[in-house]
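Notes follow once the structure below has been shown.
The values are calculated or read from the model by the stated rules, or taken from the named source; none is laboratory data. Keep in mind that what you see is a predicted model, and the values were worked out from it rather than measured. Note that we place each Cβ from the backbone using ideal geometry, even for glycine, and neighbour counts take in every protein chain shown. The area values use the complete protein model at the heavy-atom level, side chains included, leaving out ligands, DNA and RNA. Shrake-Rupley method; radii C 1.70, N 1.55, O 1.52, S 1.80 Å.
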Protein chains: 2
Amino acid sequence: MSFGGIVMTEISVSKVEQAGVLPTDDQLGFGKIFTDHMFIMDYEEGKGWHSPRIVPYGEFSFLPATIVFHYGQAIFEGMKAFRTSNDQIAVFRANHYLNRFNRSASHLCIPQINVEEVKAGLFQLLELDKAWVPSKLGTSLYIRPFIVSTDGYIGVKVSSTYKLFIILSPVGAYYSNGFNPVSIKVEDKYVRATKGGLGQAKTPANYAMSLNAQAEAHEQGFDQVLWLDAVHRKYVEEVGTMNIFFKINDEIITPELSGSILGGITRQTVLELAQNWGLKTTERQISIEEVYEAHAKGELQEVFGTGTAAVISPVGELSWKGQKININNNQTGEFAKKLFDFVTGVQYGSVPDEFSWMDKVTV
Amino acid sequence: MSFGGIVMTEISVSKVEQAGVLPTDDQLGFGKIFTDHMFIMDYEEGKGWHSPRIVPYGEFSFLPATIVFHYGQAIFEGMKAFRTSNDQIAVFRANHYLNRFNRSASHLCIPQINVEEVKAGLFQLLELDKAWVPSKLGTSLYIRPFIVSTDGYIGVKVSSTYKLFIILSPVGAYYSNGFNPVSIKVEDKYVRATKGGLGQAKTPANYAMSLNAQAEAHEQGFDQVLWLDAVHRKYVEEVGTMNIFFKINDEIITPELSGSILGGITRQTVLELAQNWGLKTTERQISIEEVYEAHAKGELQEVFGTGTAAVISPVGELSWKGQKININNNQTGEFAKKLFDFVTGVQYGSVPDEFSWMDKVTV
Ligand SMILES: Cc1ncc(COP(=O)(O)O)c(C=O)c1O
Ligand SMILES: Cc1ncc(COP(=O)(O)O)c(C=O)c1O
């Protein structure tokens, strides 16, 4: 088999005996339902990544001593396939996500994957399970590639064996009742990541780090937390599973990729689009004081998060050390709306894909 | 069944059909061989921890969507049982480790365990697998309790189900050829943990964080890394899987438990012993500059790590930004030796257990 000029191992396919029952649109939530099949590949030192295969989605056997349970050497990705208005299946910026997967791998001492090989496996899996891609506007098929370390040995060390999985989950519309600006707590007690740590990688550690903060914020009535930097506790980093943008005086500002935040694919998409639209965009350190001062001067026009799940999530309220500010009267801003409409337009096929974001699975 | 006044669920026991072959002393390494049985308990929201049972050690089925693989909500412990000179089996400071297990649980939003119940399960398991506790001086049975989150759902949230395991591994002598002072790199690029993070918990995230630094240090010829604090990058924190002590001008100094390091049980044991012996002990911030200055003035008498695996690990060399210093001519210090002899003496039964550190499994 050949893909993009690279010769690859044949992917063996073992299908389910009976196809699962497809969920209806109103049964879709996030990450609860999985399709019939999954893609798997193994790694062994000396042998490299091998045995790419598609098998029925189902349980896997692990020894209790499997190293991932103890020392968390693991990474993941989160990307999406869409059913477009003319019934094609396409994946949004697949190579960007898979390249980030490899960057995460290097932070965790996990062996690099061949992006084209894994992409070929993913696309074959999508072709096989394409009936599972829901069609209603706003719904999509969430794609979760992940790698876990599998040595059955409990010393702290880099594993010599790994398993890569790709599992697929049809997900419901994020905004089933229109935009709903979120209320965000600026976290001043817990810290998510620090320079010199793993904040730039998509790895379990960062999410384990966030559980207590999230739980406390929820109890206090907030939807999410906005992280500040570990050293000065004042520079804005990112939100739970989103990057953050500020529109101040017509300038689009987002924290620079300083080493402790995830370089979001949606973040990059927004920066590219804004530049293409002739707006001034800046990636730099921005302190929470500066955001509050801009608000006081009436210059804070919009705040929104960006991420694969929500695409754009308008922020209606920020609360820092008990001080609350309202953004744009708790209404979705014009720029956020325009971004959302454009990006989802391309994803669902109603807007021409002029930047070649979409990779077609079916032709 | 009743234990320490608490009424507990009966522990069901299902034994192996055929006992495994016991390893010989020279086959023992660390964490590679496991005993015949393991202890398991399940947690479900509403039902609490339930179904404590002892079953043959073996593989377990997990769905690929199991939350621990993705978001790392998990904790563990590491403690030891010894075969004493008069052939009794005893566990070192069991309650201290199990209480720390619960403190780690709270940092990770994992439901608290009943320490006495888990201890009863552990002791029953030890009784059953007591033949696996090796007898040679320096060998022991390493005990690894751990909890993983088991919801089969890939949203970032606190799991509603968990599994607790206790697995047992006979381990070889740490110092089979006598003490061997280690060479340690003071890490100035990577950071392990930060205040407001998970550094005080025994959770996979912290060990995932250390892989790259360890790998680079090994390549450069060092045994381990000494972490500095995340904010100032100058205060000493701890070593890979050990706390660190300095003997300066006859004072025993160790970094205070400031929120980013693990409160080691061996660390506590050393502090208690040193105080009992009438030495001056101090838990406080200590900068790496201070350590180097003490060395320059000829006042740095000893440096050693403390941890369950090694008990005491003398440090012979420190290297910070390329500047190397030798400690005590790369020889094991008197105080380190005295601590090691006393603690291991109590563990193996040659020194009376005047502080009640040992919990007997067999009578
Ligand atoms: C921590 C974190 N930051 C930011 C993002 C947004 O990144 P992306 O736009 O690639 O989904 C995510 C989600 O993927 C995330 O988990
Ligand atoms: C990060 C870390 N610090 C310190 C220690 C030493 O703690 P203890 O003496 O309880 O084994 C360990 C090992 O348990 C550890 O993993």
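Scanning segment A:94-130 for residues that are part of a loop (DSSP other than H, G, I, E, B) and away from ligand 1 (no atom under 16 Å from the Cβ) yields A:Cys109, A:Ile110, A:Pro111, A:Gln112, A:Ile113, A:Asn114, A:Asp129. Residues in segment B:312-333 include none that are surrounded by 18 or more Cβ atoms within 10 Å (Cβ to Cβ) and either modelled with pLDDT under 95 or over 17 Å from B:Val182 (Cα atoms) (or both). In the set (1) more than 14 Å from chain B (Cβ to nearest Cβ); (2) crowded, with 22+ Cβ neighbours inside 10 Å, the condition left unmet by A:Phe179 is number (2). Just wondering, is there one or more residues in segment B:223-245 that are of a type outside the set (A, V, I, L, M), over 21 Å from the mean Cα position of the chain (by Cα) and at pLDDT below 95? The answer is no, given that none of the residues of segment B:223-245 is of a type outside the set (A, V, I, L, M), over 21 Å from the mean Cα position of the chain (by Cα) and at pLDDT below 95.
Within segment A:349-361, does at least one residue satisfy the condition of being without any contact (Cβ under 8 Å) to a residue 40 or more places away in the chain and either open to solvent by less than 10 Å² (accessible area, probe 1.4 Å) or touching a His at 6+ places or on another chain (Cβ under 8 Å) (or both)? Taking every residue of segment A:349-361 in turn, none turns out to be without any contact (Cβ under 8 Å) to a residue 40 or more places away in the chain and either open to solvent by less than 10 Å² (accessible area, probe 1.4 Å) or touching a His at 6+ places or on another chain (Cβ under 8 Å) (or both). Of all residues in segment A:122-143, those that are farther than 19 Å from B:Pro64 by Cα have Cβ atoms under 8 Å from Cβ atoms of residues that are open to solvent by less than 10 Å² (accessible area, probe 1.4 Å) and in a loop (DSSP other than H, G, I, E, B), 6 or more apart or on another chain, in A:Ser140/A:Val133. Only one of the numbered conditions (1) touching a Phe, Trp or Tyr at 6+ places or on another chain (Cβ under 6 Å); (2) away from ligand 2 (no atom under 16 Å from the Cβ) is violated by B:Glu237, and that is (2). Only a single item in (1) away from chain B (no Cβ under 12 Å); (2) part of a strand (DSSP E or B); (3) open to solvent by 20 Å² or more (accessible area, probe 1.4 Å) is not met by A:Lys163, and it is number (1). Just for segment A:131-141: of the residues that are touching a Leu at 6+ places or on another chain (Cβ under 9 Å) and open to solvent by 20 Å² or more (accessible area, probe 1.4 Å), which one is farthest from A:Leu164 (Cα to Cα)? Per the stated criteria, the residue is A:Lys136. Residues that are of a type in the set (Gly, Ala, Ser), open to solvent by 30 Å² or more (accessible area, probe 1.4 Å) and either at positive phi or in contact with a Leu (Cβ under 9 Å, 6 or more places away or on another chain) (or both) within segment A:29-65 comprise A:Gly46, A:Ser51, listed in sequence order. Sub-7 Å Cβ pairs linking a first residue in segment A:183-207 that is within 11 Å of ligand 1 (Cβ to nearest atom) and open to solvent by 10 Å² or more (accessible area, probe 1.4 Å) to a second residue that is among the aromatic types (Phe, Trp, Tyr) and part of a helix (DSSP H, G or I), at least 6 apart or interchain, are A:Tyr207/B:Tyr71, ordered by first then second residue. Among the listed residues A:Gln220, A:Gln224, A:Gln275, identify the single one that is away from ligand 2 (no atom under 16 Å from the Cβ), within 14 Å of chain B (Cβ to nearest Cβ) and farther than 17 Å from A:Thr194 by Cα. Matching residue, one of A:Gln220, A:Gln224, A:Gln275: A:Gln224. Restricting attention to segment A:143-154, does a residue exist that is open to solvent by 10 Å² or more (accessible area, probe 1.4 Å) and either more than 12 Å from every other protein chain (Cβ to nearest Cβ) or among the aliphatic types (A, V, I, L, M) (or both)? No; the residues of segment A:143-154 include none that is open to solvent by 10 Å² or more (accessible area, probe 1.4 Å) and either more than 12 Å from every other protein chain (Cβ to nearest Cβ) or among the aliphatic types (A, V, I, L, M) (or both). Checked against the criterion of being of a type outside the set (Lys, Arg) and within 18 Å of B:Asp223 (Cα to Cα), the candidates B:Thr332, B:Thr344 yield just one match: B:Thr332. Just so you know, in segment A:66-88 the residues that are at the interface with chain B (Cβ under 7 Å from one of its Cβ atoms) and buried (at least 23 other Cβ atoms within 10 Å of the Cβ) include one that is farthest from the chain's Cα centre (by Cα), and it is A:His70. Taken over segment B:272-307, the residue count meeting the criterion of being touching a Ser or Thr at 6+ places or on another chain (Cβ under 7 Å) and buried (at least 19 other Cβ atoms within 10 Å of the Cβ) is 5.
With the requirement that a residue be more than 11 Å from chain B (Cβ to nearest Cβ) and touching a residue at least 12 places away in the same chain (Cβ under 8 Å), what does segment A:28-50 give you? Those that are more than 11 Å from chain B (Cβ to nearest Cβ) and touching a residue at least 12 places away in the same chain (Cβ under 8 Å): A:Leu28, A:Thr35, A:Asp36, A:His37, A:Met41, A:Asp42, A:Tyr43, A:Glu44, A:Glu45, A:Gly48, A:Trp49, A:His50.
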